[in-house]
Every structure is written in structure tokens, then in C-alpha cells.
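Notes for the one structure printed next.
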Amino acid sequence: MQIKESSEVYDVIIVGSGAGGGMATKQLADAGFNVAVVEAGPFFDPADPKTMTQLKWPYESPRRGAGTDRAFGEWDMSWGDWEVEGEPYTQAEGSDFRWWRARMLGGRTNHWGRISLRFGPKDFKHKDVDGLGENWPISYDDVKPYYDKVDKLIGVFGTNEGMENDPDGYFLPPPKPRLHELFYIQGAKKTGIPVIPSRMSMLTKRINKDRGVCFYCGQCGRSCSVYADFSAGSCLIFPAQKSGGKVRIYVNSMVREVTVNEEGKATGVSYINKEDRKEYKLKAKIVVLAASACSSARILLNSKGKQHPNGLGNSSDVVGKYLHDSTGASAAGFIPGLMNRDVSYNEDGVGGMHVYSPWWGDNKNLDFPRGYHIEVWGGMGQPNYGFGFNANAFNEFFNLPVGGYGDSLRDDVKKYYGSVIGFGGRGESIARKR
Ligand SMILES: Cc1cc2nc3c(=O)[nH]c(=O)nc-3n(C[C@H](O)[C@H](O)[C@H](O)COP(=O)(O)OP(=O)(O)OC[C@H]3O[C@@H](n4cnc5c(N)ncnc54)[C@H](O)[C@@H]3O)c2cc1C
Ligand code: SF4
């Protein structure tokens, strides 16, 4: 098969256009480099009226917004899934690791939660604190200047609280807590659980002329047509195209391997164009792999050569091993005081929580050392397909005579809507028997 090879030699090829690839593109283009971004998914611009779903009502869809080919519902802007057509994935025996893959310009940043937290000083040197795991070879102080730059570049709201391991930053004003969040604050205070305004990347104030300000539609998961949320396409790649260097974007282009010269040094990439199914080669002085942790590992393992029979950068044989996902669990509670809510006012906000509980419960005597943080959800957001709660679940979990069908169901939905608060715990679990 003939492989088409481009004659142009880019300064840098960046594989993937998500959080990592987007930031590399912006920094390198701003510095005047000639950059090629090679992305496996299609082009996506949240402001494109052809794809925009941000302000659609569920009744505008024959499926009322229920999931089709999108894992999080029809209106959600997640092009990708745990299963991706044409990209087989199998699990090793005994493993239950489900691999979420985003496939679009901007990667997972189009539908991520936009919770934008820093690691704290203890996170870098946690072995010194509890004797578990290993310390990082760098410290918080090494990374702090970059966290500061990112806060200013992308725009993060929050508050400076002076907490030891939840460092202060450069924050925009946070939105006010809503009723369910006020209930949460009250309960958390009673039980001694910390609670502070959340830290998320939606613009509550204008930071530049290219991006709008959040108007509290509550639908960040559908992507923001005014670019008020952070996503790599609208906040990094598109601005990079306007800055000093040249940025050429190759979409629907699945990189297979990094090509190397006789000395084993990277010379470019080889990719399959998913539209014509042909193989192409691009050349560059430097290749940045930012195709997400697992995909970057896969490309390295695919890149076998004389100097690296085990895959590129894999002389230690650990590429693709010892990966750790962030783990979570969730629970929900019914608050009788939130029943029969007044529905005549709008309490939408940013597309996510306005308050949260920062990392707490760091105690190695627990069977999950290092604790967790709590993400809070609830309130009176726009009902979607499968919205908020299943009225019949009230029978099951709370032994309340709720639901049925027809008028009684409608009455109960109105009565109970907004009376459930959810808590998502997200933590770092360190296996104690290593
Ligand atoms: C639903 C959800 C909610 C999340 N919420 C949060 C949150 O609130 N806060 C937080 O900090 N993190 C959150 N995350 C995690 C966060 O989104 C990721 O950690 C981050 O996007 C990783 O950036 P990345 O650049 O490594 O990968 P990605 O953003 O996934 O980008 C990788 C890109 O590479 C492309 N690619 C892959 N393979 C190839 C290939 N072979 N050739 C060419 N291109 C390729 C992909 O198509 C993709 O566009 C969330 C993730 C999900 C899925
Ligand atoms: S809540 Fe704000 S940032 Fe999110 S999509 Fe709506 S306007 Fe944009």
C-alpha cells in the first residue's frame, strides 16, 4: 500500500487536541512555532449552530433528549463513549476497567465537569505524611507558577480559603449557593465536614474579548456557544490559530505510531485518515503525545523499532502499566424540607455545583486512606429525559407512597421535584497491600 508522505516539516506535531494537546498547541503557537495538531475525532466548535444543543428544550427532540449514540444523553456534547465503533477494546481477565474515550476536537474538555482543582503540597509528598506510596520527584512549589498561569488563562471561579492542601489561586467571583446547597452547607457544618464555594472553570466575569460571560444556563455538558466555559477547542486551539505561529489541524486522523530515524529519534507520525482509510505520514522536529493516558501509551507501544523493540520510551517495560483512574462513589438523600418548592423563580446556575466539600477524612486508619472530596448536585434544573429522580424510587428507598401514573404521578413529580440532593465522592484510593 502506498503511504502518502507530506513534504512539509513542522516544528512540532501534537497528537490529540484535549486538555494536554490544546495547552501544548496554545503555548507553542504563541511562541511562534509551526504546529500540526493531529486529532482522531471530527472538528467541533461549540458556537456552530449546526451542532449546538445548549439552549434546546428536551421536547424539541422526538426522544425528549434520551441517550442515542451519546452516553450522557442526546443533548450532551460528548462524542465518544466507553465503546467506540471501529475501536475494539478488551479487558484483561479479572479487570473491570471501562475505558472512556472522547473523539472530537477538544477531547474530553467538551463535556468534562469543569471542576478545576490544584494538587496541594501534601499530594506531591504524601509518603512523607502517611508512609504510603511514593513521593513525586517535584513539589507543589515547582508547579505553582504554572497553576497560577492556568487560572488566569482559562478563568476559574472560587475563593481563597487559606487551606493547607487546597491552595489558593487567582479566582473569579463564585456564584451564590442555591437552596439545596444552603441545606447542604447547614448539614455539613453540623457534622464538621468542610464546605466552600466550588472551583470551576466557567467565566463569571469577562476575561478577554474572545470569550463571553456565563449566563447561568446550567448546561455546560452541552458545550458553551459563548465560550464561557473552559474547553480546549474554544479556549486554546482557536485562539492559538490567531496567534504568532501557524496551526494546521488534521481531524479524523488516527495516529498509529511515531516514526523514527536510524538513531531512534522521532521524525513524525504515521496516521490513518478515517474518511478515506488511507495511511499518511507527517514530519516534524518534535512530536508531543497528548492523546490521553491510555491512547498515548498505545501509540508508544505501537512504535517499535531497532532501538526500541519493546515500543518507544519503554526500555523499563512500564509503559501502559500501573495506570490509575480517579475513583468515585455516589449517594443521594431526600430532604423533606425541600418538598413542594416554589417553581416561579429561576435558580439555574453554572452547569455544575456552586459549593463542594474539599478533600477531607485523610486518615490512613480508614480502609480508604487519603479521604475524598464531595461534589453536590440537586435543585430545580431543567427537567430532561430521566430527569432528577425516579418518582417510583421514593417507594423503594424512603417507603413513601409516591408515583404511579397519570395525574397522581404528575402531582408527585411537582411535589418532590428538587427535594433530592446527591453527593458524589471522588478520591484517591491507595492499595494498602502493594
Ligand atoms: C465525563 C467526564 C467528566 C470529567 N470531569 C472532570 C472534572 O470536573 N475535573 C477534572 O479535572 N477532570 C475531569 N475529567 C477528566 C478530564 O477531562 C481529563 O483528565 C482530561 O481531559 C485529560 O486530558 P488529555 O489531553 O489527556 O485527554 P483528552 O481530553 O481525552 O484528549 C485526548 C484527545 O486525543 C485524541 N486521540 C486519542 N487517540 C488518538 C490517536 N491515536 N490519534 C489522534 N488523536 C487521538 C482523542 O480523540 C482526544 O480528542 C472528566 C472526564 C470525563 C470523561
Ligand atoms: S452554564 Fe454558563 S458556562 Fe455553562 S454553558 Fe451555560 S452559559 Fe456557558
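Take Ser357 and decide whether it is within 14 Å of ligand 1 (Cβ to nearest atom), hydroxyl-bearing (Ser, Thr, Tyr) and not in a loop (DSSP other than H, G, I, E, B).
In short, no.
Where residues in segment 207-250 are within 22 Å of the chain's Cα centre (by Cα) and among the basic types (Lys, Arg), which of them is nearest to ligand 1 (Cβ to nearest atom)?
Arg222
Does Asp76 meet the test of being open to solvent by 20 Å² or more (accessible area, probe 1.4 Å) and part of a helix (DSSP H, G or I)? Lay out the reasoning, then the answer.
Working: open to solvent by 20 Å² or more (accessible area, probe 1.4 Å): yes; part of a helix (DSSP H, G or I): no.
Answer is no for this residue.
Take His111 and decide whether it is within 14 Å of ligand 1 (Cβ to nearest atom) and either in contact (Cβ under 8 Å) with a residue 40 or more places away in the chain or within 23 Å of Ala291 (Cα to Cα) (or both).
yes
Would you confirm, using the coordinates I've provided, whether Ser201 is modelled with pLDDT of 95 or more, within 28 Å of Met163 (Cβ to Cβ), within 15 Å of ligand 1 (Cβ to nearest atom) and touching a strand residue (DSSP E or B) at 6+ places or on another chain (Cβ under 8 Å)? Outline the logic, then answer.
Working: modelled with pLDDT of 95 or more: yes; within 28 Å of Met163 (Cβ to Cβ): yes; within 15 Å of ligand 1 (Cβ to nearest atom): yes; touching a strand residue (DSSP E or B) at 6+ places or on another chain (Cβ under 8 Å): yes.
Yes: the conditions hold for Ser201.
If you check Leu289, Leu301, Leu323, which single one turns out to be crowded, with 16+ Cβ neighbours inside 10 Å and either under 30 Å from Gly379 (Cβ atoms) or touching a helix residue (DSSP H, G or I) at 6+ places or on another chain (Cβ under 8 Å) (or both)?
The unique qualifying residue is Leu289.
Within segment 94-106, identify whether any single residue is more than 9 Å from ligand 1 (Cβ to nearest atom), in a loop (DSSP other than H, G, I, E, B), free of Cβ contacts under 8 Å to residues at least 60 places away in the same chain and of a type in the set (A, V, I, L, M, F, W, C), and answer yes or no.
Taking every residue of segment 94-106 in turn, none turns out to be more than 9 Å from ligand 1 (Cβ to nearest atom), in a loop (DSSP other than H, G, I, E, B), free of Cβ contacts under 8 Å to residues at least 60 places away in the same chain and of a type in the set (A, V, I, L, M, F, W, C).
Evaluate the following for Lys283: is it surrounded by 15 or more Cβ atoms within 10 Å (Cβ to Cβ), assigned to a strand (DSSP E or B) and in contact with a strand residue (DSSP E or B) (Cβ under 9 Å, 6 or more places away or on another chain)?
yes
What are the pairs with Cβ atoms under 7 angstrom where one residue, in segment 275-293, is closer than 18 Å to Gly313 by Cα and the other, located anywhere, is in a loop (DSSP other than H, G, I, E, B)? Sequence gap at least six, or different chains.
That search, which allows pairs on different chains as well, returns Ala290/Gly16; Ala290/Gly18; Ala291/Gly16; Ser292/Gly16; Ser292/Gly18; Ala293/Leu323.
The values are calculated or read from the model by the stated rules, or taken from the named source; none is laboratory data. Every value quoted in this text rests on a predicted model; they were computed, and no experiment measured them. Cβ sites come from the backbone with ideal geometry, for glycine too, and all protein chains shown count toward neighbours. Accessible surface is based on the protein model in full, side chains and every heavy atom, while ligands, DNA and RNA are left aside. Shrake-Rupley method; radii C 1.70, N 1.55, O 1.52, S 1.80 Å.
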